[in-house]
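Data first, discussion second: the structure below is written as structure tokens.
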Amino acid sequence: MEPARLSISDHDVEFPVTVGSENEVGFDIRKLRGTTGAITVDPGFANTGSCKSGITFIDGENGILRYRGYAIEDLANHSSFLDVAYLLIYGNLPTRVELDDFHGEMTRHSLIHEDMKKFFEGYPPNAPPMSVLSTIVSSLSAFYPGTENGEDIDLNIRRLLAKLNTIAAFAFKKSIGQPYIYPRNNLGYAEDFLHMMFAVPSEDYEPHPLLVKTLDMLLILHADHEQNCSTSTVRMVGSSGADLFSSISAGISALSGPLHGGANTAVIEMLEMIRQDGGGFKKYVDKAKDKSDPFRLMGFGHRVYKNFDPRARVIKQIADEVLGELGIDDPLLDLAKELENIALEDEYFISRGLYPNVDFYSGILYRAMGIPTNMFTVMFALGRLPGWIAQWLEMKTDSDTRIYRPRQIYTGNNHREYVQIGRRCL
Ligand code: CMC
């Protein structure tokens, strides 16, 4: 393809064009500042490719999402979360032997160091579980420092995948003041999580197979989403040479915000608010459209998807099936569907390409599983972990990687003479 050309002041510059395997086009501006002295300005990096990546492909116009070439719908319907985690991290689906070994490692590493339980004791009972998750993950680097050696990194990757399940469930048990339930090696990943969440020492607990399957599917649907806010954070922190646990901990913090992973909690809070207010949507649709009102329809809109979010389609369908099969009548599901119908017919939402995103229906499913609202974003983090790990690894092994260090256009004061007012206290 012909190079891109730019004229700025008296410079005519050519930039090589780079084309991806799905024909996405970018022009490589690495030489821009050196040759012209200018930089690009792109708030929110909406037009900036921060890396080349072979992990996840999204076509936002056509609602396509693929991990390593496999359609999200196929993976969600036919695969397992551990299969998908392996696929994202190592590039291919595991063989039976590889999967058995991977699962064995997940069970072998699922305990956390007994000393780490003391950390949980220090938090107040109402501590947000995302803060607990982020700080406990960060502290893993004190227990498992490792080296930059590939084998050490791989061991820490497997440790982290195995332990996040346990850390998340312990954070929940801490928040409700119940004893921690230890992982069980004979259970699958999703099943073990539900067991650690809901078992109590005095009773037997068997997670409902439909809930296990649904949770596994939800984790798959969240497993990666290319260069979103939390993933870019993981790559950015890692680009300084920070270790895996510190980088992922930063990603968890980025995910917690209501515009990102925190939206699944915000959706349920919004639907509850509408229900308590008598169920009238118009007022809230109008508020969302009013530019002087900060209110937004949570669970609507996406930076990349402008027609539909394929994950939301799968989740909406599962929500109907699961609630039907379990005989759960959740008024919030009906409210959500009505709100979606109203918004989808409204010119404001149509013209801006605002559709339900992954977070719109996922909370309804988490509620059906008995997972409390303050744990929803933790569930997102559990699902996203393999994606963060895969992206962190790719960043580390990419010869193009440099420390992330954007520029700025300075708009502050010009140089000012310092005038001393009296003598400062020392
Ligand atoms: N309700 C009302 N208006 C909206 C909404 C919404 N949910 N989302 C975007 N808009 C409007 C926005 O005001 C703007 O209007 P205008 O062009 O008149 O100024 C236009 O649509 C474009 O929005 P934007 O904020 O420039 O788009 P963005 O790409 O920067 O933000 C977003 C994407 C997801 C942060 C945003 O759509 C949003 O805040 N949605 C609600 C929060 C949410 O559901 N987040 C979860 C995202 S999916 C899970 C994940 O991957 O994190």
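The values are calculated or read from the model by the stated rules, or taken from the named source; none is laboratory data. Keep in mind the model is a prediction, meaning the values are calculated, not measured. Cβ placement follows ideal geometry from the backbone for every residue including glycine, while neighbour counts extend to all protein chains displayed. Note: accessible area is taken over every heavy atom of the protein model, side chains too, but ligands, DNA and RNA are not part of it. Shrake-Rupley method; radii C 1.70, N 1.55, O 1.52, S 1.80 Å.
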Completion exercise
Other residues with Cβ under 12 Å from the Cβ of Leu75 give, with Lys and Arg +1 and Asp and Glu -1, a net charge of -2
Fill in the blank from the handout: Note: Ile421 to Asp154 extended length (0.36 nm per residue) minus current alpha-carbon separation gives 90.3 nm
Fill in the blank from the handout: Listed by chain and number, the residues whose amide H is under 5 Å from that of Gly262, excluding neighbours fewer than 5 places away on the same chain and using placed H, are Gly257
Handout entry: Sites excluded, GluC sites (Glu not before Pro) in DSSP loops with at most 15 other C-beta within 10 Å, longest stretch of the chain
Key = 204-344
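Is there a quick way to get the dipole size of segment 22-61? I mean about its Cα centre, with the Cβ of Lys and Arg at +1 and of Asp and Glu at -1; what is the value in debye to the nearest 20?
Its charge dipole is roughly 400 debye.
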Handout entry: Helix-only CD estimate at 222 nm, as mean residue ellipticity for the chain, using -39500 (n - 2.57) per DSSP H run (n ≥ 4)
Key = -16000 deg cm²/dmol
Handout entry: Environment charge of Glu24, counting only residues whose C-beta is closer than 14 Å and scoring Lys/Arg +1, Asp/Glu -1
Key = -3
Completion exercise
Any lysines whose Cα falls less than 26 Å from that of Lys163, other than same-chain ones fewer than 8 residues away, would be Lys117, Lys118, Lys173, Lys174, Lys213, Lys396
Exercise for the section: Express in whole angstrom the spacing between the alpha-carbon centres of segment 287-332 and segment 87-129. Expected result: 29
Completion exercise
The percentage of the accessible area of segment 265-368 (probe 1.4 Å, all protein chains present) made up of carbon and sulfur atoms, to the nearest whole number, is 48
Practice task
Can you work out the PRE-style zone for Asp320? Point 7 Å along Cα to Cβ, and I want the residues of segment 343-381 with backbone N under 15 Å.
Solution key: 361
Practice task
Run the quick spin-label model on Leu259 and Ser131: label points 7 Å from Cα toward the beta carbon, then report their separation in nm to one decimal.
Solution key: 2.2
Completion exercise
Sorted largest first, the Cα spans of the chain on the principal axes come out in Å as 77, 65, 56
Exercise for the section: State, to one decimal in nm, how far the label point of Asp290 lies from the label point of Asp277, with both points 7 Å from Cα in the Cβ direction. Expected result: 0.9
Fill in the blank from the handout: Residue-normalised value, i.e. accessible area per residue, for the chain at 1.4 Å probe, in Å², stands at 51
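Roughly speaking, what is the stretch gain from His208 to Arg30, that is 0.36 nm per residue apart minus the C-alpha to C-alpha distance, in nm to one decimal?
Numbers: separation 178, 0.36 × 178 = 64.08 nm, distance 5.36 nm.
Answer, rounded to one decimal: 58.7 nm.
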Completion exercise
About its Cα centre, the chain carries a charge dipole, from +1 on Lys and Arg Cβ atoms and -1 on Asp and Glu Cβ atoms, whose size in debye to the nearest 20 is 1680
